[in-house]
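*Asks:* I have a structure here, written as C-alpha cells, and I will follow up with some questions on it.
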Amino acid sequence: MSQPGASASLDQTVVATASTKNQANSRDIPLVKVKDPWFVPRVGLSARRNRVLGIASFLLPLLIWFAISYLPFLWHPNIKITEPGDVSYFKAGMQIERERFESEYAKLVTSGGELPQGEPSNPVYLPAPHEVATALYTSFTTEPRRKSEQWFHESLWHSITIIFWGFTLSSLVGVPLGVLCGTYAAVSRLQEPFIEFFRYLPAPAFGALAVAILGIHDAPKIAIIFIGTFFQQVLVIANTTRKLDTALIEAAMTLGSSRLALLFKVVIPGVLPDLYRDLRILLGWAWTYLIVAELIGTSSGITWFITQQARYKNFENVFAAIIIIGIIGLVTDMLLARLGRRFFPWDRSGDKQAAHA
Amino acid sequence: MNVVPAYQQQTTDVRQRFDTLKQRDVTLQVQNLSKSFSINDGTVTALSNVSFEVHRREFMTVIGPSGCGKSTLIRILAGLEFASSGVVKLNGEQVSGPGPDRGMVFQTYTLFPWLTVKKNVMFGLRNLGVSDTLAQKEAMQWIDLVGLDRFANHYPHQLSGGMKQRVAIARALAAKPRILLMDEPFGALDAQTRAKMQSYLLEIWRNIDITIVFITHDLDEAIFLADRILVLKANPGEVQELIEVPVPRPRLASQMLETPFLSTRQHIGELIHPPVSEEDDLPGVIRMTPVGDDVEPQW
Ligand SMILES: Nc1ncnc2c1ncn2[C@@H]1O[C@H](COP(=O)(O)OP(=O)(O)OP(=O)(O)O)[C@@H](O)[C@H]1O
Ligand SMILES: [Mg+2]
C-alpha cells in the first residue's frame, strides 16, 4: 500500500458500479468515505448539508430564545410576585427588579413579618416562545377593542396593499428609466447625477410634505414607499444593465440589428434575469420603509397594530406580528425565486451556490 | 545567384489556383488604414498605413505578434471601430458602421444566452425581415450544416465551447454576409477540437460563396486554412508580408509534415520571432545571470 490515496479512489469506483448494478448488495460493501471539506470558496454544498444548515439557521436563534425563556438561571432579571407578604406595594402578578425584591426581603427578615414570595422572570417585552405561539393564532381571532379598529388580518392586508402599490408604481417608472440609463450615456448623464443626490435624502423626511400634498390616508404612505424605493431602483437597475456584455451588442450590430432592436431584442432580454433578481432584493427594502410610511398621517396597518399592542403591553402579539411579516417576506421571495427559474430557463447565475452532489 | 525561397515555389496546380483567384472581383479593399488610440499620456498607434485586398471566395488569415493590432483591424473592417485615416471598401462601397454584409465571429462566446440555438441562428434573418417560418427553415439548414441539428432547441449554456462557436458561425452565415470576419474564433478551444473546427470551417467555406478574413496567432492554423497570409508586425502595426501559401487544396493534416507547409511555417516563424542576439537591447526585458548546473538547491 504505497499509495493509499489511489487505492481508496479505486475502491470507490468499485463500490459505485456494484451499487448501481445491484441495489440489494450495496449494503454488504463498506462505503469509502471521501473527505468533503466545508469551507472552500465558491463551492456549493451537498443537498443534505444545504438542508441541514438551512434548518440550523432558524434553529440557532430559536434555541437561544428557548434557553433564555425557560432556563431560570439565564438572564431573568425580574421577580414575578406570587405572594406579596407584608410589603405594602407588592401585588400578586407584579414584576419587580431582583435587587428591589431582595432589599425588601432583607428588610422583612430583620424587622419580622410575612415574607414575600416570587419567581424569577423575564421582562414583559420578552415573552416566552409558547406565549408567542399562541398569539400567532389568537391575534387573528381577537376582536379589536373598538368597533372602528381593524382586525389583525385587516391591518396586515392593508400593509400588503400599501407595499404593493408603492413598489409597483416605483417599478413601472424606475425599471424602464434604469434600463435606459444603463443603455444610453445621454440618459444616464441627464438623470443619474440628480438621482445620486436625491437618494441620500431620507424618505421619511418627505412625510410631512406628502401628507400636506396627498392628504392623510393611503396616498402619502404609498408615496413614501415610492420615494424610498425609486431612486435606489434606478441606480441599481442602471448598474445591472451596464454589466451586460458589450460583445453581445456588437454581435447583434454585425447581424444587422437596428438601434431600437438593440434595446428591445438584446439589452432588455439580456438583463431580464438580473433585473428580476434586483427587484426581489428591492422589494425587501420596500418593507423597511413600510413602518415609517404607516406612521404618517393616520397610523395604519401592521404598524398601527404593533404600536397599539405594545401600548397594551401585549408583547406576545407584537412578536407574532413581527414573525408574520418575516414569514410573508420569506415566502414571497421563495415563490418569486421559483417563478424566476420558470421564467428564465437559460439563466445559470442562480445555480452557482447550488448543490454539486 | 538569387534562389527562390522554398515557400515561394508553387506547383502548377497552386499557381493556377492563385491566377484564377486574382482574376475574381475584389471583395474587400483596405487602403492606407491607420488607427491610433489616445490614452492618458499620449497616443498609441495600433495600425499604420495598412493596405491589402481580398478577392471573392478567398480565405485570408492574419497573423502577427500579440498587440500588433489584429483585433483592431478586424473591428474596423466590421465597422465596430473607426479608423483614424484610410478607407475600407466592400465590393467597391465604403464601409461606415457595422452591417449584416460583414458577419463576425468573436473569440469570446457571444451567442445570446436567452435564445435557443435555432433562435440564435434566426436572429440575423429576422433582422433582414425574413418571415418567421422561412427563417426557421433556413436556420435549420445552417444548423444542419454545422452538424448540430440535435441541439437546435438547446440553450447556449448547454453546449460545449466548440459547439458554441459552430453555432456562432452558423448565426453569422445565416445573415448572408459577403464576408466573414473571424477574430481568433478557436482560440479558447483545446487542440483536438480546434483541429476539427478547422476542417469544419474549410468544408463550409468550400461549399458556399463566402470570403473569409481569419485572425489567429497560431502558425499552423494560419497556414492550414489560408490562401494567403497577411503577416503584421508590431509597434506600429504594419503589413510585413503577404504570403501565398504553396500548399495545395484540399488541405489534409498529412500535408503539415511536407515541404511546402514546413518551409512556409519556418519563414513566418522567422518573421514573427526574429532571432535575438545577446547584444540586442530589448526594452523591458531584464537580463539575468543564468544559474549554473552545480548550484545547490536552496529550499
Ligand atoms: N480601446 C483601446 N484603447 C487604447 N488602446 C487600445 C485600445 N484597443 C487596442 N489598443 C491598443 O492597440 C494595440 C493593438 O491592440 P489589438 O487588440 O488590436 O492587438 P491584437 O493584435 O489583437 O493582440 P492579441 O493577439 O493579443 O489579441 C495594443 O497596443 C493595444 O494596447
Ligand atoms: Mg486580439
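The values are calculated or read from the model by the stated rules, or taken from the named source; none is laboratory data. The shown structure was predicted, so the numbers you read here are calculated from the model rather than taken from an experiment. Positions of Cβ are generated from backbone atoms using ideal geometry, with glycine treated the same way; all protein chains shown enter the neighbour counts. Only protein heavy atoms, including side chains, enter the accessible area calculation; ligands, DNA and RNA are left aside. Shrake-Rupley method; radii C 1.70, N 1.55, O 1.52, S 1.80 Å.
*Asks:* Take B:Arg194 and decide whether it is open to solvent by 30 Å² or more (accessible area, probe 1.4 Å), on the phi < 0 side of the Ramachandran plot, within 14 Å of chain A (Cβ to nearest Cβ) and within 17 Å of the chain's Cα centre (by Cα).
*Replies:* Numbers: open to solvent by 30 Å² or more (accessible area, probe 1.4 Å): yes; on the phi < 0 side of the Ramachandran plot: yes; within 14 Å of chain A (Cβ to nearest Cβ): no; within 17 Å of the chain's Cα centre (by Cα): yes.
No.
*Asks:* Which members of the range A:287-323 meet the condition of being open to solvent by 20 Å² or more (accessible area, probe 1.4 Å), of a type in the set (Val, Ile, Thr) and within 30 Å of A:Met94 (Cα to Cα)?
*Replies:* A:Ile306, A:Thr307, A:Ile322, A:Ile323
*Asks:* Of the residues B:Ile268, B:Ile229, which is open to solvent by less than 10 Å² (accessible area, probe 1.4 Å), part of a helix (DSSP H, G or I) and within 16 Å of ligand 1 (Cβ to nearest atom)?
*Replies:* Numbers: B:Ile229 fails: part of a helix (DSSP H, G or I).
Of B:Ile268, B:Ile229, the one residue that is open to solvent by less than 10 Å² (accessible area, probe 1.4 Å), part of a helix (DSSP H, G or I) and within 16 Å of ligand 1 (Cβ to nearest atom) is B:Ile268.
*Asks:* Within 21 Å of the chain's Cα centre (by Cα), assigned to a helix (DSSP H, G or I) and on the phi < 0 side of the Ramachandran plot - does that describe any residue in the range A:170-193?
*Replies:* The first filter runs over the range A:170-193 and keeps only residues within 21 Å of the chain's Cα centre (by Cα), leaving A:170-171.
Checking the rest, the ones that are also assigned to a helix (DSSP H, G or I) come to A:170-171.
From the residues that got through so far, the ones that are on the phi < 0 side of the Ramachandran plot too are A:170-171.
Checking the range A:170-193: at least one residue is within 21 Å of the chain's Cα centre (by Cα), assigned to a helix (DSSP H, G or I) and on the phi < 0 side of the Ramachandran plot.
*Asks:* Taking A:Gly284 and the conditions (1) at pLDDT 95 or above; (2) open to solvent by less than 50 Å² (accessible area, probe 1.4 Å), which numbered condition does it fall short on, given that it satisfies the others?
*Replies:* (1)
*Asks:* One residue is enough: does the range A:231-240 have a residue meeting the conditions touching a helix residue (DSSP H, G or I) at 6+ places or on another chain (Cβ under 9 Å) and more than 21 Å from A:Val187 (Cα to Cα)?
*Replies:* So far as the range A:231-240 goes, no, none of its residues is touching a helix residue (DSSP H, G or I) at 6+ places or on another chain (Cβ under 9 Å) and more than 21 Å from A:Val187 (Cα to Cα).
*Asks:* Turning to a different aspect of this structure: Which one is surrounded by the most Cβ atoms within 10 Å (Cβ to Cβ) among residues in the range B:96-111 that are more than 7 Å from chain A (Cβ to nearest Cβ) and more than 16 Å from ligand 2 (Cβ to nearest atom)? Give the derivation first.
*Replies:* Here is the first cut: in the range B:96-111, the residues more than 7 Å from chain A (Cβ to nearest Cβ) are B:96-97, B:101, B:105, B:107, B:109, B:111.
Applying the additional criterion that residues be more than 16 Å from ligand 2 (Cβ to nearest atom) yields B:96-97, B:101, B:111.
Details: B:Ser96: 9, B:Gly97: 9, B:Asp101: 17, B:Leu111: 24.
Filtering the range B:96-111 for residues that are more than 7 Å from chain A (Cβ to nearest Cβ) and more than 16 Å from ligand 2 (Cβ to nearest atom), the one surrounded by the most Cβ atoms within 10 Å (Cβ to Cβ) comes out as B:Leu111.
*Asks:* Determine whether A:Gly166 is crowded, with 18+ Cβ neighbours inside 10 Å and in contact (Cβ under 8 Å) with a residue 60 or more places away in the chain.
*Replies:* Values: crowded, with 18+ Cβ neighbours inside 10 Å: yes; in contact (Cβ under 8 Å) with a residue 60 or more places away in the chain: yes.
For A:Gly166, the condition - crowded, with 18+ Cβ neighbours inside 10 Å and in contact (Cβ under 8 Å) with a residue 60 or more places away in the chain - is met.
*Asks:* Looking at the range B:39-53, can you tell me whether even one residue there is within 14 Å of another protein chain (Cβ to nearest Cβ) and near ligand 1 (Cβ under 8 Å from one of its atoms)? Break it down into steps so the answer makes sense when it comes.
*Replies:* Quick first cut of the range B:39-53, residues within 14 Å of another protein chain (Cβ to nearest Cβ) only: none.
Scanning the range B:39-53 turns up no residue that is within 14 Å of another protein chain (Cβ to nearest Cβ) and near ligand 1 (Cβ under 8 Å from one of its atoms).
*Asks:* Kindly indicate which of A:Ala223, A:Ala251, A:Ala261 is part of a helix (DSSP H, G or I) and under 24 Å from the mean Cα position of the chain (by Cα).
*Replies:* Details: A:Ala251 fails: under 24 Å from the mean Cα position of the chain (by Cα); A:Ala261 fails: under 24 Å from the mean Cα position of the chain (by Cα).
Answer to the check: A:Ala223.
*Asks:* Could you list, in sequence order, the residues of the range B:79-90 that are out of contact with any Ser or Thr (no Cβ under 6 Å at 6 or more places or on another chain), away from chain A (no Cβ under 14 Å) and either farther than 17 Å from B:Thr27 by Cα or within 16 Å of ligand 2 (Cβ to nearest atom) (or both)?
*Replies:* The answer is B:Ala83, and nothing else.
*Asks:* Now for a separate question. Only one of these conditions is not met by A:Arg100: (1) more than 23 Å from A:Ala133 (Cα to Cα); (2) part of a strand (DSSP E or B). Which number is it?
*Replies:* The failed condition is (2).
*Asks:* Would it be correct to say that A:Val234 is within 14 Å of chain B (Cβ to nearest Cβ), open to solvent by less than 10 Å² (accessible area, probe 1.4 Å) and not small (Gly, Ala, Ser)?
*Replies:* Spelling it out, it is not the case that A:Val234 is within 14 Å of chain B (Cβ to nearest Cβ), open to solvent by less than 10 Å² (accessible area, probe 1.4 Å) and not small (Gly, Ala, Ser).
*Asks:* Still on this model: Have a look at B:Asp220, B:Asp209, B:Asp227 and point out the one that is in contact (Cβ under 8 Å) with a residue 60 or more places away in the chain, away from ligand 2 (no atom under 16 Å from the Cβ) and within 15 Å of the chain's Cα centre (by Cα). If you could, list the steps in order and put the result at the bottom.
*Replies:* Details: B:Asp220 fails: in contact (Cβ under 8 Å) with a residue 60 or more places away in the chain; B:Asp209 fails: within 15 Å of the chain's Cα centre (by Cα).
Answer to the check: B:Asp227.
*Asks:* Inspect all residues belonging to the range B:83-95 and state whether any of them is away from ligand 1 (no atom under 16 Å from the Cβ), out of contact with any strand residue (DSSP E or B) (no Cβ under 8 Å at 6 or more places or on another chain), free of Cβ contacts under 8 Å to residues at least 60 places away in the same chain and open to solvent by 30 Å² or more (accessible area, probe 1.4 Å).
*Replies:* Checked against the condition, which is being away from ligand 1 (no atom under 16 Å from the Cβ), out of contact with any strand residue (DSSP E or B) (no Cβ under 8 Å at 6 or more places or on another chain), free of Cβ contacts under 8 Å to residues at least 60 places away in the same chain and open to solvent by 30 Å² or more (accessible area, probe 1.4 Å), the range B:83-95 yields at least one hit.
*Asks:* As an exercise: evaluate A:Tyr276 against (1) crowded, with 21+ Cβ neighbours inside 10 Å; (2) within 30 Å of B:Arg126 (Cβ to Cβ) and give the number of the one condition it does not meet.
*Replies:* (1)
*Asks:* Being without any contact (Cβ under 8 Å) to a residue 24 or more places away in the chain and part of a helix (DSSP H, G or I): is that true of A:Glu316 here?
*Replies:* On the way: without any contact (Cβ under 8 Å) to a residue 24 or more places away in the chain: no; part of a helix (DSSP H, G or I): yes.
It is false that A:Glu316 is without any contact (Cβ under 8 Å) to a residue 24 or more places away in the chain and part of a helix (DSSP H, G or I).
*Asks:* When A:Thr229 is evaluated against the numbered criteria (1) over 29 Å from the mean Cα position of the chain (by Cα); (2) at negative phi, which criterion, by number, is the only one it fails?
*Replies:* (1)
*Asks:* Could you go through the range A:143-152 and let me know if any residue there is in contact (Cβ under 8 Å) with a residue 40 or more places away in the chain, part of a helix (DSSP H, G or I), open to solvent by less than 70 Å² (accessible area, probe 1.4 Å) and more than 29 Å from A:Asn239 (Cβ to Cβ).
*Replies:* Yes, some residue in the range A:143-152 is in contact (Cβ under 8 Å) with a residue 40 or more places away in the chain, part of a helix (DSSP H, G or I), open to solvent by less than 70 Å² (accessible area, probe 1.4 Å) and more than 29 Å from A:Asn239 (Cβ to Cβ).
*Asks:* Now, a different point. Please tell me if A:Asp278 is over 16 Å from A:Leu180 (Cβ atoms), more than 7 Å from chain B (Cβ to nearest Cβ) and of a type in the set (Asp, Glu).
*Replies:* Working: over 16 Å from A:Leu180 (Cβ atoms): no; more than 7 Å from chain B (Cβ to nearest Cβ): yes; of a type in the set (Asp, Glu): yes.
Taking the combined requirement at face value, the residue does not satisfy it.
*Asks:* B:Asp218: out of contact with any His (no Cβ under 9 Å at 6 or more places or on another chain), within 14 Å of chain A (Cβ to nearest Cβ), within 16 Å of ligand 1 (Cβ to nearest atom) and of a type in the set (D, E, K, R), yes or no? Steps first, answer last, please.
*Replies:* Values: out of contact with any His (no Cβ under 9 Å at 6 or more places or on another chain): yes; within 14 Å of chain A (Cβ to nearest Cβ): no; within 16 Å of ligand 1 (Cβ to nearest atom): yes; of a type in the set (D, E, K, R): yes.
Considered against the rule, which asks whether it is out of contact with any His (no Cβ under 9 Å at 6 or more places or on another chain), within 14 Å of chain A (Cβ to nearest Cβ), within 16 Å of ligand 1 (Cβ to nearest atom) and of a type in the set (D, E, K, R), B:Asp218 comes out as no.
*Asks:* If you don't mind, there's one more thing I want to ask. B:Ser38: out of contact with any helix residue (DSSP H, G or I) (no Cβ under 9 Å at 6 or more places or on another chain), hydroxyl-bearing (Ser, Thr, Tyr) and surrounded by 18 or more Cβ atoms within 10 Å (Cβ to Cβ), yes or no?
*Replies:* no
*Asks:* Does the range B:63-78 include one or more residues that are away from ligand 2 (no atom under 16 Å from the Cβ), among the aliphatic types (A, V, I, L, M) and either within 14 Å of chain A (Cβ to nearest Cβ) or open to solvent by 60 Å² or more (accessible area, probe 1.4 Å) (or both)?
*Replies:* Residues of the range B:63-78 that are away from ligand 2 (no atom under 16 Å from the Cβ), as a first pass: none.
There is no residue in the range B:63-78 that is away from ligand 2 (no atom under 16 Å from the Cβ), among the aliphatic types (A, V, I, L, M) and either within 14 Å of chain A (Cβ to nearest Cβ) or open to solvent by 60 Å² or more (accessible area, probe 1.4 Å) (or both).
*Asks:* Does any residue in the range B:112-127 that is more than 7 Å from chain A (Cβ to nearest Cβ) come within less than 6 Å, Cβ to Cβ, of a residue that is part of a loop (DSSP other than H, G, I, E, B) and surrounded by fewer than 20 Cβ atoms within 10 Å (Cβ to Cβ) six or more places away or on a different chain, and which pairs are these?
*Replies:* Filtered contacts from the range B:112-127: B:Thr116/B:Asn153; B:Val117/B:Ala152; B:Val117/B:His154; B:Lys118/B:Ala152.
*Asks:* Of the residues A:Leu255, A:Leu248, A:Leu260, A:Leu244, only one is under 30 Å from B:Tyr109 (Cα atoms), open to solvent by 30 Å² or more (accessible area, probe 1.4 Å), within 14 Å of another protein chain (Cβ to nearest Cβ) and among the hydrophobic types (A, V, I, L, M, F, W, C); which?
*Replies:* On the way: A:Leu255 fails: open to solvent by 30 Å² or more (accessible area, probe 1.4 Å); A:Leu248 fails: open to solvent by 30 Å² or more (accessible area, probe 1.4 Å); A:Leu244 fails: open to solvent by 30 Å² or more (accessible area, probe 1.4 Å).
Only one candidate passes the filter, namely A:Leu260.
Condition check ((1) within 16 Å of ligand 1 (Cβ to nearest atom); (2) on the phi > 0 side of the Ramachandran plot; (3) open to solvent by 10 Å² or more (accessible area, probe 1.4 Å); (4) not basic (Lys, Arg)) across all residues:
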| residue | (1), (2), (3), (4) |
| --- | --- |
| B:Trp142 | no, no, yes, yes |
| B:Val146 | no, no, no, yes |
| B:His157 | no, no, yes, yes |
| B:Ser160 | no, no, yes, yes |
| B:Met163 | no, no, yes, yes |
| B:Ala170 | no, no, no, yes |
| B:Ile179 | no, no, no, yes |
| B:Pro185 | yes, no, no, yes |
| B:Leu202 | no, no, yes, yes |
